[in-house]
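Notes for the one structure printed next.
The values are calculated or read from the model by the stated rules, or taken from the named source; none is laboratory data. Quick caveat: nothing in here was measured; it's all calculated off a predicted structure. FYI the Cβ positions are ideal-geometry reconstructions off the backbone, even for glycines, and counts take in every protein chain you see.
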Amino acid sequence: MTERAQGSRRFLRKLSQTAGLPPGTLVHIGEKKVEHPRISGIVYDADRVFEQDIKEVSEIRVLLAQPGVKWIDIDGVHELTILEKLGEEFKLHPLILEDIANTEQRTKLEDYGDVLYVVTRWFELEKASGRILSDQISLILGRDFVVSFSEKEADEFASVRQRIREGKGRVRSMGADYLLYRLLDSIVDNYYIILEPLGERMDDLETRLLEDASPKILPEIFDIKRELLFLRKSVWPMREILSSLERGESPLISAETRVFLRDAYDHTIHVMETIDIFRDMESGSVETYLSSLSYRQNEVMRMLTIIATFFLPLTFLAGVWGMNFVTMPELKWPFGYALAWGVMLVIAAGMVVYFRKKKWL
C-alpha cells in the first residue's frame, strides 16, 4: 500500500472520531508538523513596514489597532487553544476554526460576509523519491487584514514578504484584498515549479520506453499518473475560487484587484491544460508500453514459428527414413546417410533464401 493510501486510511480513522460532535467542534485532524506554533505579524502601508514575532495571541490586538494592512501568519495548527484565542481576536465563525484544524480539507472558498475564507494546498517535491508532498494553507481576508495558516514552519510566501519589505510592486499601495491575491498567485506559481520536474520525469520515461520497455517502468508511469490526479484535484477548485473572487460581489474585493485575480485565473487555466496534456501523455506511455510488450511477444512467436517451419520438412524426412522398412532402397545405399544430410541442408538453405526474399528474416 502506498504512503498516500495509508495516509487516507489514517485520515478516515481520525475523521470517524468526530462523528456525532456538534458543528464547529475543534478537533485536529492531520500530522503534527511543528513542535510549537509560530505567529508573526506585518503591518504596512505606502510609507512604512512594521514586523513583529508574536509570543501571545493577545499581542495581535495592538497590531490590529494600527493603521494599514495587517498580515498575521501562523505556522502550526495543532494547538487548539491558540486557534480558539485567534477566533476570539478576529471574531471568526466556529466552522472556520474547525476547517483550519482539519488539515484534510478540500480546496474551497467560503463567504461569511465580514470575512472570506479560502482553503488551498501548497505542494513540494520530496527530493529522494520525487513524490509530491502537500500542506494545507488557510487564508482569511477581512476588511484590512489577512490571516494565513500553514501546517509547518516553512515560509511559502517568502517572495511576498520580501516585496512588502522592499516596497516593490503595488502591494504596499493596495489593500488587504491585493495581499490575498498575491498569496494566491504565489500558490498558483508554485504549481509550475512542481509540474516542471514531472515533465522531465515523463520525458525520461518515454526515452526509456522506446529503448527498452522494462516491466519496472510501468509502476513509475502509474506513480506519475497518481501525482497528476492529486494535483488536478487541487488545481481545479483553485480555478473556481479565483473565478468566484473575480466575479463575485463581496465588498472585500475591490474592482482594481479583480483585474489581477482574472490574470491568476488565466494561469490556473494554463496549469489545468498542462496537467491534462501530461495525463494524456501518461496514457500514451501506457499504450506504448503495452504495444512494445505485444511487439516483443509477437517477435518471439515469429522466431519460434520460423524455427518450427525450418524443422517441419526436416522432421518429415527424418520420419520417412526412420521407418526402417526392409524394402526401402535407401537403407542399403553406402552414401545414404550423407545424401540424407545433403537433402536436408539444401531444403534448409532454400527456406532461408525464400524467407529473406519475403523479408521474414
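Miscellaneous remarks
Yes or no, residue by residue, for (1) over 20 Å from GLU31 (Cβ atoms); (2) among the basic types (Lys, Arg); (3) over 28 Å from the mean Cα position of the chain (by Cα):
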site: GLU126; (1), (2), (3): no, no, no
site: ARG131; (1), (2), (3): no, yes, no
site: ILE137; (1), (2), (3): no, no, no
site: ALA158; (1), (2), (3): yes, no, no
site: ARG163; (1), (2), (3): yes, yes, yes
site: VAL171; (1), (2), (3): yes, no, yes
site: LEU195; (1), (2), (3): yes, no, no
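- Among the conditions (1) exposed (fewer than 11 other Cβ atoms within 10 Å of the Cβ); (2) small (Gly, Ala, Ser); (3) at pLDDT below 80, GLY284 misses just one, which is (1).
- When the criteria are applied in full, ARG163 fails the requirement of being in contact (Cβ under 8 Å) with a residue 24 or more places away in the chain and among the basic types (Lys, Arg).
- If you check VAL326, VAL320 for being over 30 Å from TRP360 (Cβ atoms) and not hydroxyl-bearing (Ser, Thr, Tyr), only one passes: VAL326.
- Residue match in region 99-110 (condition: in contact (Cβ under 8 Å) with a residue 40 or more places away in the chain, over 23 Å from the mean Cα position of the chain (by Cα) and farther than 15 Å from LEU26 by Cβ): no
- Taken over region 52-89, the criterion of being in a strand (DSSP E or B), surrounded by 14 or more Cβ atoms within 10 Å (Cβ to Cβ) and not aliphatic (A, V, I, L, M) is satisfied by GLN52, LYS70, TRP71, ASP73, ASP75.
- Scanning region 302-321 for residues that are hydroxyl-bearing (Ser, Thr, Tyr) and more than 14 Å from ILE347 (Cα to Cα) turns up just one, THR305.
- Residue match in region 37-51 (condition: within 20 Å of ALA158 (Cα to Cα), among the acidic types (Asp, Glu) and not in a loop (DSSP other than H, G, I, E, B)): yes
- Residue within region 226-235 that is of a type outside the set (Val, Ile, Thr), surrounded by fewer than 17 Cβ atoms within 10 Å (Cβ to Cβ) and more than 30 Å from ASP111 (Cα to Cα) present: yes
- Check on ILE221, among the β-branched types (Val, Ile, Thr) and touching a residue at least 12 places away in the same chain (Cβ under 8 Å): yes
- Checking THR274 against (1) under 30 Å from VAL115 (Cα atoms); (2) surrounded by 13 or more Cβ atoms within 10 Å (Cβ to Cβ); (3) not small (Gly, Ala, Ser), the condition it does not meet: (1)
- Any hit, region 252-261, residues being in contact (Cβ under 8 Å) with a residue 60 or more places away in the chain and surrounded by fewer than 17 Cβ atoms within 10 Å (Cβ to Cβ): yes
- Matching residues, region 140-154, being at pLDDT 90 or above and touching a strand residue (DSSP E or B) at 6+ places or on another chain (Cβ under 7 Å): ILE140, LEU141, ASP144, PHE145, VAL146, VAL147, SER148, PHE149, SER150
- Looking only at region 190-245, and only at residues there that are assigned to a helix (DSSP H, G or I) and hydroxyl-bearing (Ser, Thr, Tyr), the one that is modelled with the lowest pLDDT: THR207
- Condition met for GLU299 (of a type in the set (Asp, Glu), part of a helix (DSSP H, G or I) and outside the structural domain of LEU180 (by TED's automatic domain parsing)): yes
- Between LEU293, LEU345, the distinction of being in a helix (DSSP H, G or I), at pLDDT 80 or above and surrounded by 11 or more Cβ atoms within 10 Å (Cβ to Cβ) belongs to LEU345 only.
- Residue list for region 15-45, filter: of a type outside the set (D, E, K, R) and either at pLDDT 90 or above or loosely packed, with under 10 Cβ neighbours inside 10 Å (or both): SER16, ALA19, GLY20, PRO22, PRO23, ILE39, SER40, GLY41, ILE42, VAL43, TYR44
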